[in-house]
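Below is one structure, written out as structure tokens; comments come after it.
Bear in mind these aren't lab numbers, they're just calculated from the coordinates by the rules spelled out. Since the structure is predicted, the reported quantities are computational estimates derived from the model, not experimental observations.
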Amino acid sequence: MRGSTLRWLSSAYGISLKRVDAILRLKGLEEHWKENKSLQTGFLAGMEEMLLAQTRTLSQEASERESKLADKQDEDQGFESTRDRYQRLFWEPVAEHESPVVPSSIERGDEEKRRSREEARAYKSGPFILTGRTRWSPHRPRPGVVYARSGRNENRPMIKFVDVGGKFIDIEDRLRRIGHGEKRVRAFEKRART
């Protein structure tokens, strides 16, 4: 192709200048691709994720599950590395035939803390905090996981809802709201009686 300028190609093939420019850019990208250079990796990864073209391997799912378990364990422990450090570095002088006092008291404290944390978690996920009722309805058990379609069309994706209970609820705020609700009910009943 002699004198392959945009104008010459456009007039020779009867194509607009913009189309010739786009074709040349695509040809350039194709040459890069032949050299095993990746094209727009962010765009490619985003489109693969959006179109669900990329399959997840078992190792990815396992590592994700392990990281979630590790996060949950850290959350349960309360990120108290200072207490662990204190317990590791503690040295108590003990007379012969006597047992040390402090390690057992630290273990008792850990056990009480764990028990109170479990009680608080159970209270946060209890029926009074979540619904305002004193007990769960025996006719409608709480499902742990619910799958729902994200629209009326059958081609829409399924969404997985996992019941985490009251994990993210602020107890004081929730109790204040329940109290205000009960106060409004009493005021309404009082107005209805008069």
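Cross-link partners of LYS113 among lysines, defined as those whose alpha carbon lies under 25 angstrom from its own and excluding same-chain residues fewer than eight positions apart: LYS68, LYS72, LYS124, LYS167. Note on LYS18: lysines with a C-alpha under 22 Å away, same-chain residues under 8 apart excluded, are LYS27.
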